[in-house]
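The values are calculated or read from the model by the stated rules, or taken from the named source; none is laboratory data. In this text the structure is predicted, and so the values were computed from the model without any measurement. Backbone-built Cβ (ideal geometry, glycine too); neighbour counts: all protein chains shown. All accessible areas refer to the heavy atoms of the entire protein, side chains included, with ligands and DNA or RNA removed. Shrake-Rupley method; radii C 1.70, N 1.55, O 1.52, S 1.80 Å.
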Amino acid sequence: MDYDIIKSRHSVRTYTLQPLSADEVVMLDSQIRRYNAEGSLNMQLVVNEPNAFGRSLMAHYGKFRNVTNYIALTGPKSNDTEAKLGYYGEKIVLEAQKAGLNTCWVGLSFSKKNTPIDIPDGNKLYALIAIGHGAESGTAHRIKAPQQISDDYATAPDWFKRGVDYALLAPTALNQQKFRFQWLDDNRVKASRGIGFFTKMDLGIACCHFELGAGIPIDWQ
């Protein structure tokens, strides 16, 4: 994934009334099927559906407008599902950005009871990703310094530094960036998270970015 695509992607909460095109729906469905298979997940694309956000007081306070398309982040009730949804969900988000769409990760500002999706037994709905044609392109969020998320940054090889730099562009709940990356002596990387809401999902998102920057898989599960 091109660095400029990652850097240009910002959270967008207000959308136009332009519907997703047939080609955009096919692209998103294809990505979702691929990553559901890879991650044993049940993510679902919902289009032209206004109630998840339109009937939510939290969506009003979250300043969401005209959200009628979203990806429902659904998967098994297990300890690693949130991280996997973050990891694979962000891959879809970046493909959407590349295709000219805008997105926003949504943890609380929607109505679960008004989200019309099929949740298989043993699964649950963890979050949504709003998606569509943004009324604006969003703004860059404040990020930490590399040394704040990696004690090894100054002495690490360039590929590790690129991974950290990419990870710092990852969206996180409340912009908290409660994740860390450690460079190990045998050129492996260990990722860890702090304590807080949605930190598991945030870690998956950050690890997706890190791998894109570093060009190697890392230990994040």
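Odds and ends about this structure:
- Exactly one residue among Thr172, Thr155 is among the β-branched types (Val, Ile, Thr), open to solvent by 30 Å² or more (accessible area, probe 1.4 Å) and on the phi < 0 side of the Ramachandran plot, and that residue is Thr155.
- Tally of residues being surrounded by fewer than 21 Cβ atoms within 10 Å (Cβ to Cβ), β-branched (Val, Ile, Thr) and within 12 Å of Ser137 (Cβ to Cβ) across segment 1-15: 1
- Residues of segment 134-152 that turn out to be open to solvent by 20 Å² or more (accessible area, probe 1.4 Å) and either aliphatic (A, V, I, L, M) or more than 28 Å from Leu17 (Cα to Cα) (or both), as a count: 11
- Where a residue in segment 130-144 is farther than 21 Å from Gln177 by Cα and its partner, wherever it lies, is of a type in the set (Gly, Ala, Ser) and open to solvent by less than 20 Å² (accessible area, probe 1.4 Å), with Cβ under 6 Å and at least six apart: Ile131/Ala96
- Within segment 80-114, the residues that satisfy the criterion of being in contact with a Phe, Trp or Tyr (Cβ under 9 Å, 6 or more places away or on another chain) and at pLDDT below 95 are Gly107, Leu108, Ser109, Phe110, Ser111, Asn114.
- Considering residues of segment 87-116 that are crowded, with 18+ Cβ neighbours inside 10 Å and part of a loop (DSSP other than H, G, I, E, B) only, the residue farthest from the chain's Cα centre (by Cα): Thr115
- Filtered residues of segment 16-32 (kept if open to solvent by 50 Å² or more (accessible area, probe 1.4 Å) and among the charged types (D, E, K, R)): Asp23, Asp29
- Filter pass, Ala72 being out of contact with any Asp or Glu (no Cβ under 8 Å at 6 or more places or on another chain), open to solvent by less than 30 Å² (accessible area, probe 1.4 Å), small (Gly, Ala, Ser) and over 26 Å from Leu168 (Cα atoms): no
- Residue within segment 179-190 that is modelled with pLDDT of 95 or more, charged (D, E, K, R), open to solvent by 50 Å² or more (accessible area, probe 1.4 Å) and more than 16 Å from Lys7 (Cα to Cα) present: yes
- Among residues of segment 196-219 that are farther than 10 Å from Glu90 by Cα and without any contact (Cβ under 8 Å) to a residue 40 or more places away in the chain, those with a beta-carbon under 9 Å from a residue that is in a strand (DSSP E or B) and not hydrophobic (A, V, I, L, M, F, W, C) at least six positions away or on a different chain give the pairs Thr199/Arg193; Asp219/Lys190.
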